[in-house]
Amino acid sequence: MGLKQNKNISNIFTYIILSVASLLILLPILWVIRTSFASELIAYEIPPKLFFVPTLKNYIELFGRLGFGSFLKNSLIIAIGCTVVSVPIAALGGFAFTRYRTGGTTLKFSVLATQMLPGIILVLPIFVIFNTIHFTNTYIGIILAILSFNLPFLVWLLMGFFEGIPKDIEDAAAVDGATPWSTFFRIVLPITVPGIMSASILSFILSWNEFLFALLLTGNNTKTITVSLSAMVTHRGTLIGILSAGTIIAIIPMILLSIFVKKYLIEGLTFGAVKG
Amino acid sequence: MKTLAQQKKRTGLFFISPTVLILILVVLVPLIFSFVISFFNYTLVDPSFDRFILFKNYSTIFQDTYLWNSLKITLIFVFTVVPLEFVLGFFIALLLNRNIRFKGLFYTILTIPMVMSPVAVGLIWKMFLHADLGIVNYIFSVFNLPSVNWLGSNKIALLTIILVDIWHQISFMILILLAGLKSLPKEPFESAKIDGASNTQSFFYITLGLMRPVISVAILIRVIFSFKTYDLVYTMTRGGPGVSTELISYFIYKKTFMGMDFSQATAISYVLFVIIMVIVIFLFREMSGRKWD
């Protein structure tokens, strides 16, 4: 009896803590959504109004006068470009490290350590080099620069998935006369589809959210959402209705994507750290 | 005739070469370039390798009180956010690991911030924390609490950045630690229960013991990544008020573009590089014990 009561009390405690924590995360996001549909007058009102007639004015202004459509396009091109380039390359690289031990521990650690480098260390020399060869404000330039941390991260992530494949399957294929090439493409890749999915989603999110490289390496034709949002604050005071609308466009696609593919996302992020 | 081993070796080299080539291009070349620059008096206005000055950049930066200030602030930041994120994140992970309802819902909500761009997080909280027009101070006033100058006071701004960073990054800790808790074997807990161990005892003796590798990896990764924090400072304070939130990444940025001293900035970059690599070696030693040997 006493034990059961104890359990009930600790369950109630658990629900309370988790609800409070969830509200602390959720309410700010909901509030930004609310503000994005408020007129500038209502957005600034203190005490704030909870109920008002929603307006699309902020979004119209954002995509009309502020040209947010082209920033959205740039973010998409860069995020998709990074993913399309890095996932296949990382899959090959990760497989070479796990199965063939190519280059030994030194090469493996050197590649994996690059994702830990603070971006500022790399972006300054890249900025100067790109500037000299007129490579700033190009899609290829920013995509290449983002690969500096995206690629090693994906190699690491995919190594976890390749390690999970029993070696017997490949050995059996080799006995049957399959070349390493055909083993990789016909046998390994099909079983690693979840890994490839995780890698692609994470790569997309990482490049979409990237800021420092985009800030220095993109220009008028290639500016991303994150860069244009950060500029909105300084140039136009704080028009919080429009800023909220822009922020919503930056975060909601990623949140929906992550909920939609939660399983892959979690597998991808926890493989390296947890599975031993 | 090729043996299988030779064939494998060649395939391995072939498979790894695109990765290595790209990283040489976008990591190694820039690193060497900035290493060379750190021994010259090279500025963005006058970019030339005429003035070789050996260690002068290094000796100058170490006499710069602003660098020491920035390093101090960075260390305070890193060693405040990481322990707090760990303790809170572990606590929440333990609760999520209990047999309760709506677990999936709580988990989904609590891991949302992880996929949000730091710029968006910074902007959102900057709006909320505005001293006069922000919703946070309004809520404070409802509860008769004094209004706080979150971003405008040099005593509080760093604390504000720390709180926002915790809001943003705690999801990572929850995710990794919960995955760790879920992968723990059941048997030790069952036999401890039979032997009459209390929940507290099994937590300290079994959970913490078995979780040690996951915990150290999670903490080291967060230490490395919090050293990089840049976007939050850029969007929320630009290092201010004064220099009170000038984390090292922002300090290097400012040195380059506002101080116009690119070669000194590269010298500071190398100081940061060494710090990070030392921690990375710790991380790899921790991981290689299990995975990479």
Which pairs do you get when a residue that is facing chain A (nearest Cβ under 9 Å) and over 10 Å from B:Ser171 (Cα atoms), found in the stretch B:85-104, comes within reach of a residue that is surrounded by 13 or more Cβ atoms within 10 Å (Cβ to Cβ) and polar (S, T, N, Q), reach meaning Cβ atoms under 7 angstrom, with the pair 6+ apart or on two chains?
B:Leu95/A:Thr14; B:Arg98/A:Thr14; B:Ile100/A:Asn11; B:Ile100/A:Thr14
Tell me, please, whether a residue that is in contact (Cβ under 8 Å) with a residue 40 or more places away in the chain, crowded, with 21+ Cβ neighbours inside 10 Å and more than 8 Å from every other protein chain (Cβ to nearest Cβ) can be found in the stretch A:130-138.
yes
In the stretch A:33-57, how many are surrounded by 17 or more Cβ atoms within 10 Å (Cβ to Cβ), within 31 Å of the chain's Cα centre (by Cα) and in a loop (DSSP other than H, G, I, E, B)?
2
Is it true that A:Thr105 is modelled with pLDDT under 95, in the same structural domain as A:Ile251 (by TED's automatic domain parsing), assigned to a helix (DSSP H, G or I) and hydroxyl-bearing (Ser, Thr, Tyr)?
yes
Taking the stretch B:280-293 and the residues there that are within 8 Å of another protein chain (Cβ to nearest Cβ) and farther than 20 Å from A:Phe95 by Cβ, the one that is modelled with the highest pLDDT would be B:Val280
Can you say whether A:Asn137 is assigned to a helix (DSSP H, G or I) and in the same structural domain as A:Met159 (by TED's automatic domain parsing), as far as the supplied structure shows?
no
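Suppose we filter B:Val45, B:Val29 for residues that are assigned to a helix (DSSP H, G or I) and more than 7 Å from chain A (Cβ to nearest Cβ); which single one remains?
On the way: B:Val45 fails: assigned to a helix (DSSP H, G or I).
One residue alone meets the criteria, B:Val29.
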If B:Ile161 passes every condition in (1) surrounded by fewer than 17 Cβ atoms within 10 Å (Cβ to Cβ); (2) more than 12 Å from chain A (Cβ to nearest Cβ) but one, which one does it miss?
(1)
With a cut-off of at least 1 residues that are farther than 26 Å from B:Asn41 by Cβ, name the helices (runs of 4 or more DSSP H) lying wholly within the stretch B:177-293.
B:187-194, B:199-202, B:208-227, B:231-236, B:262-288
Among residues belonging to the stretch B:238-256 that are under 18 Å from A:Leu216 (Cα atoms) and hydroxyl-bearing (Ser, Thr, Tyr), point out the one that is modelled with the lowest pLDDT.
B:Thr256
Heads up, the helices (runs of 4 or more DSSP H) in the stretch B:103-156 (entirely inside) with at least 2 residues that are crowded, with 21+ Cβ neighbours inside 10 Å are B:103-110, B:118-128
In the stretch A:71-90, how many are facing another protein chain (nearest Cβ under 9 Å) and touching a residue at least 24 places away in the same chain (Cβ under 8 Å)?
4
Would you confirm whether any residue within the stretch B:259-269 is of a type in the set (D, E, K, R), more than 8 Å from chain A (Cβ to nearest Cβ) and without any contact (Cβ under 8 Å) to a residue 60 or more places away in the chain?
no
What is the one condition in (1) facing another protein chain (nearest Cβ under 7 Å); (2) surrounded by fewer than 17 Cβ atoms within 10 Å (Cβ to Cβ); (3) of a type in the set (D, E, K, R) that B:Asp231 does not satisfy?
(2)
Against the definition (in a helix (DSSP H, G or I), at pLDDT 95 or above, over 22 Å from the mean Cα position of the chain (by Cα) and surrounded by fewer than 20 Cβ atoms within 10 Å (Cβ to Cβ)), how does B:Leu13 come out, yes or no?
no
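Does A:Ile9 satisfy the criteria of being aliphatic (A, V, I, L, M), touching a Ser or Thr at 6+ places or on another chain (Cβ under 7 Å) and more than 22 Å from A:Thr247 (Cβ to Cβ)? Reasoning before the result, please.
Details: aliphatic (A, V, I, L, M): yes; touching a Ser or Thr at 6+ places or on another chain (Cβ under 7 Å): no; more than 22 Å from A:Thr247 (Cβ to Cβ): yes.
Against the criterion (aliphatic (A, V, I, L, M), touching a Ser or Thr at 6+ places or on another chain (Cβ under 7 Å) and more than 22 Å from A:Thr247 (Cβ to Cβ)), A:Ile9 does not qualify.
Of A:Ile255, A:Ile249, A:Ile201, which residue is of a type in the set (A, V, I, L, M), within 11 Å of chain B (Cβ to nearest Cβ), under 30 Å from B:Lys254 (Cα atoms) and out of contact with any Asp or Glu (no Cβ under 7 Å at 6 or more places or on another chain)?
A:Ile249 is the lone residue from the list that is of a type in the set (A, V, I, L, M), within 11 Å of chain B (Cβ to nearest Cβ), under 30 Å from B:Lys254 (Cα atoms) and out of contact with any Asp or Glu (no Cβ under 7 Å at 6 or more places or on another chain).
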Has the stretch A:70-79 got at least one residue that is under 30 Å from A:Thr192 (Cα atoms), under 23 Å from the mean Cα position of the chain (by Cα) and β-branched (Val, Ile, Thr)?
yes
Examine the stretch A:160-176 for a residue that is part of a helix (DSSP H, G or I), more than 21 Å from B:Lys9 (Cβ to Cβ), within 27 Å of the chain's Cα centre (by Cα) and within 11 Å of chain B (Cβ to nearest Cβ), and state whether such a residue exists.
yes
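The values are calculated or read from the model by the stated rules, or taken from the named source; none is laboratory data. Only a predicted model underlies this, so the values are computations on that prediction, with no experimental measurement involved. Positions of Cβ are backbone-derived with ideal geometry, glycine not excepted, and every protein chain shown enters the neighbour counts.
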